[in-house]
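Asker: I'd like to ask you about the structure that follows.
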Amino acid sequence: MYYLRKRGKYGPHNKTRFTTTDCLFKTRIEQIYEKFQNSPPEKKFSVVKPQDVVAKYILGYRLLANVAWDQVDYVIMPVNIVEKFHWLLVVFDIADMQLYVYDSMVSSRNHPIVESCVDKFSVIIPLYLSCTDFYGKRKDINFKNTKAYIEKAVTDPLNIQWIVGEIPQQKEGSLDCGVFVAAFAEYVSLGDLSIPEEDLSDIDQHRRRYGALLWDYARKKQKHGVISDSEMTGKLARRKGAAALNEKTRVQRKKK
């Protein structure tokens, strides 16, 4: 996901605007959801604060090479279902006010643990969008004439669209869900929300390709002397007492 975030932030021909979260985002969502559900009605919304970790993801302060959500079309979120030893992908389509769930295992569709996890995303994400003034920064969204937002409150739960049977599926008993999630994320990052089954017929080929891409990426970083601190942005950099330099800046300085 870090590799995708970098491509989305620095890629020269990015028509699709996107960013990603990490696997810890789900844990933060679940923690807040539990507090939200256990709070009395008059105090429920007070548990969601702009200084919380979830808000920092949305503002672009949490991850290296991150982009604030108000600047993107899609947020790509890998989700680990610990109880099922399984990965799936959740994509927040901002224009449609909708969560798309990409799951390479058909049996997960009606599993209560999986559905409960996605429901928590649906409830909590809008609350943090509201408290971080997300919609005040999006001039392309108008609650009076943007179709998906008409007659909706900013804190209404997001719609959920399950995409299971119509996308490539892993073989029964295999442990390929992680590779499928990476492939699904790559398609979405290119603006393709529908994924042809034939393109992932040889999942081992994709595994080898991702391994080669990561090896080449690490080799180039080593060659140019680039370190991860160069990916700090905004408050993340200031909190660590470092300048917010991106990788291009670091490489340019090194060449000089």
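The values are calculated or read from the model by the stated rules, or taken from the named source; none is laboratory data. What you see is a predicted model; the values in this text were computed from it and never measured. Ideal geometry is used to build each Cβ from the backbone, glycine not excepted, and the neighbour counts take in all protein chains shown. Calculation scope for accessible area: heavy atoms of the full protein, side chains included, ligands and nucleic acids excluded. Shrake-Rupley method; radii C 1.70, N 1.55, O 1.52, S 1.80 Å.
Asker: Of all DSSP beta bridges located in the range 1-112, what percent are antiparallel, nearest 5?
Answerer: Working: 13 of 16 bridges.
The answer is about 80 percent antiparallel.
Asker: What's the longest piece of the chain with no exposed GluC sites (Glu not before Pro), counting a site as exposed if DSSP puts it in a loop and it has at most 15 other beta carbons within 10 Å?
Answerer: Numbers: sites that count: 151, 166, 172.
In the chain, the maximal stretch lacking such sites is 1-150.
Asker: Still on this model: Carbon-plus-sulfur fraction of the accessible area of the chain, 1.4 Å probe, in percent?
Answerer: Working: 6990 of 13550 Å².
Of the solvent-accessible surface of the chain, carbon and sulfur hold 52 percent.
Asker: Where the centre of each part is set by its Cα atoms, how far does the range 1-67 sit from the range 151-196, in angstrom?
Answerer: 18 Å
Asker: Shifting gears a bit: Putting +1 on Lys and Arg Cβ atoms and -1 on Asp and Glu Cβ atoms, find which of 75, 54, 106 reaches farthest to the positive end of the dipole of the range 46-111.
Answerer: The one lying farthest along the dipole's positive direction is 54.
Asker: How much area per residue is accessible in the range 187-229 when the probe is 1.4 Å and only protein heavy atoms are counted (Å²)?
Answerer: 69 Å²
Asker: Now a separate question. What percent does the relative contact order of the chain come to when contacts are Cα pairs within less than 8 Å and at least six residues apart?
Answerer: 20 percent
Asker: Also, I was wondering about something else. For Cα extents along the principal axes in Å, several values are listed as (1) 69, 37, 32; (2) 78, 39, 36; (3) 58, 47, 36; flag the one computed from this structure.
Answerer: From the options (1) 69, 37, 32; (2) 78, 39, 36; (3) 58, 47, 36, the structure gives (3).
Asker: Under 13 Å Cα-Cα from residue 84, which aspartates and glutamates qualify once same-chain neighbours fewer than 8 residues away are excluded?
Answerer: List returned: 103, 115.
Asker: For the chain, give me the percentage of DSSP beta bridges that are antiparallel, rounded to the nearest 5 percent.
Answerer: Details: 13 of 21 bridges.
Here the share of antiparallel DSSP bridges comes out near 60 percent.
Asker: Determine the dipole magnitude for the range 1-112: charges of +1 sit on the beta-carbon of Lys and Arg, -1 on that of Asp and Glu, nothing else is charged, the reference point is the Cα centre, and the result goes in debye to the nearest 20. Write down the numbers at each step before the final one.
Answerer: Values: 16 positive and 11 negative charges, 76 e Å.
Rounded to the nearest 20 debye, it is 360 debye.
Asker: List the aspartates and glutamates whose Cα lies under 12 Å from the Cα of residue 147, skipping any in the same chain that are fewer than 8 positions away.
Answerer: Output for residue 147: 96.
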